[in-house]
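Just so it is clear, none of the values below were taken in a lab; they were calculated from the coordinates. As the structure is a computational prediction, the values presented were derived from the model and not from experiment. FYI the Cβ positions are ideal-geometry reconstructions off the backbone, even for glycines, and counts take in every protein chain you see.
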Amino acid sequence: MSSQASIAGVNVLGKSAEELREFMQALGEPAYRGAQIYHALYAERRFDFAAMTNLPAALRERLSREAAIALPQVVRRYHSADGTVRYVLAIGAGESGSAKAANIETVFMPEENRQTICISTQAGCAVDCRFCLTATLGLVRNLTAGEIVGQVLVALEDNRAALKPQTNIVLMGQGEPLLNYDAVMAALRILLDPNAISISPKHATLSTSGIVPSIERMAREKVRPKLAISLNASSDEQRDKIMPINRKYPLEKLLGACRNYPLRPWEHLTFEYVLLGGFNDSPDDARRVVKLLANLRAKVNLIPWNPGDLPYEKPDAKRVAEFRAILADKDLPAFVRDSRGQDVMAACGQLALAESAAAL
Ligand code: SF4
């Protein structure tokens, strides 16, 4: 793998097939060489130009001098008892032109027939949800398309020997993906391209706190992942308290954008609801959620709060079951999600540790 410390040339990671064709032409090479690099880099995961044996030797040597593949660097791996691996990755350091160095987090979760990779889209986050540790970092900076794609490549490569046939990606790590719209969509076009990393759009989910104009923009994209909304409350008053973004895009606007969202025949919207003990987990909350989501093709993921550094309580197991039953009784599919990797702090809203803060 190319080391970030040695980056001198143009970073090709994150470039589209078209951009790579243009890059080759700028070097006086035939444009089709760009397509060959695109395939070697993303489909074959060759991270060293010398290993791109589909290119002539002279071009490989030239690229080694004049270009780079700036993969995020693994700073630490935390292995959970359930097989989850949480990576702390360094980005930015050493890149010419220089993006601010930062640490981000990526989580690899193996399952029986697939793996799910949770990726970050920003270093830190400005949205300030009260139940989220990432929020405590503030926004460090947006990630580039290459840094977003690079997280998936690093996680796949690091687990190459044990990969299952299906890969899922979830954009639920650090950051609000829809506040880094262009880089996120550029990354997704590579991640979901059958000629590149080839993840099915059915297996890719972008989770947002509810940035309404960007949801409307995403609705018009030709290539797009599934959409998940971080709901977490049953009224504006309640949501204002834990998600300040709700004051800008209140529930009526947010759910209006959801109603207008053009779902593909196989698709539904996912609503995530972190159950904070004694705050938003009552039967009345459940009934209000049913009303809010009426007439939407939707499912709800209920995420019992993991006690951590923040001042909320773990919800009572009986309350969680009752909440789920109220939704299910009204034909709103609801699932209680286990928080994988809790012992390495890889659970929802917990992607911010000392290393991240240290890089600020
Ligand atoms: S939950 Fe998501 S949007 Fe909210 S502060 Fe955390 S990272 Fe940002």
Give the calculated FRET efficiency between Lys318 and Asn54 to the nearest 0.05, with a Förster radius of 51 Å applied to their Cβ-Cβ distance.
0.30
FRET E, pair Arg259, Ser198, Förster distance 35 Å, beta-carbon r, rounded to 0.05
0.65
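How would you classify the range 4-68 from its alpha-carbon gyration tensor, with a ≥ b ≥ c the square roots of the eigenvalues: rounded for a/c under 1.5, else prolate if a/b is greater than b/c, otherwise oblate? Before the final figure, lay out each step's value.
Numbers: a/c = 1.21, a/b = 1.15, b/c = 1.05.
It is rounded, given that a/c, with a ≥ b ≥ c, falls under 1.5.
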C-alpha long axis of helix 251-260 to longest principal axis of the chain, angle in °:
60 degrees
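For the range 4-68, what is the relative contact order in percent, using Cα pairs closer than 8 Å and at least 6 residues apart in sequence?
About 39 percent, as a whole number.
Checking the a/c ratio against 1.5 first, then a/b against b/c, what shape does the Cα gyration tensor give for the range 85-162? Mind dumping the intermediate values first?
Values: a/c = 2.75, a/b = 1.31, b/c = 2.10.
Oblate, since a/c reaches 1.5 and b/c is not below a/b.
Please tell me the relative contact order of the chain in percent, rounded to the nearest whole number, where contacts are Cα pairs under 8 Å and at least six residues apart.
Working: 724 pairs, mean separation 53.8, N = 360.
About 15 percent, as a whole number.
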Between 0 and 90 degrees, rounded to the nearest ten: what's the tilt of helix 283-292 against the longest Cα principal axis of the chain?
60 degrees
Between helix 145-158 and the chain: long-axis angle, C-alpha atoms, 0 to 90°, nearest 10:
90 degrees
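Please compute the length gained on full extension between Ala126 and Ser235, using 0.36 nm multiplied by the number of residues separating them and subtracting their Cα-Cα distance.
On the way: separation 109, 0.36 × 109 = 39.24 nm, distance 2.25 nm.
Going from the current span to full extension adds 37.0 nm.
Test of understanding: what is the full-extension gain from Trp266 to Arg337, defined as 0.36 nm times their sequence separation minus their Cα-Cα distance?
23.4 nm
In deg cm²/dmol and to the nearest 500, what is the mean residue ellipticity at 222 nm of the chain if only DSSP H runs of at least 4 residues count, each as -39500 (n - 2.57), divided by the residue total?
When only DSSP H runs of four or more count, the value is -8500 deg cm²/dmol.
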Over every pair of different alpha-carbon atoms in the chain, take the mean of 1/r and invert it; report that Kirkwood radius in Å.
21.3 Å
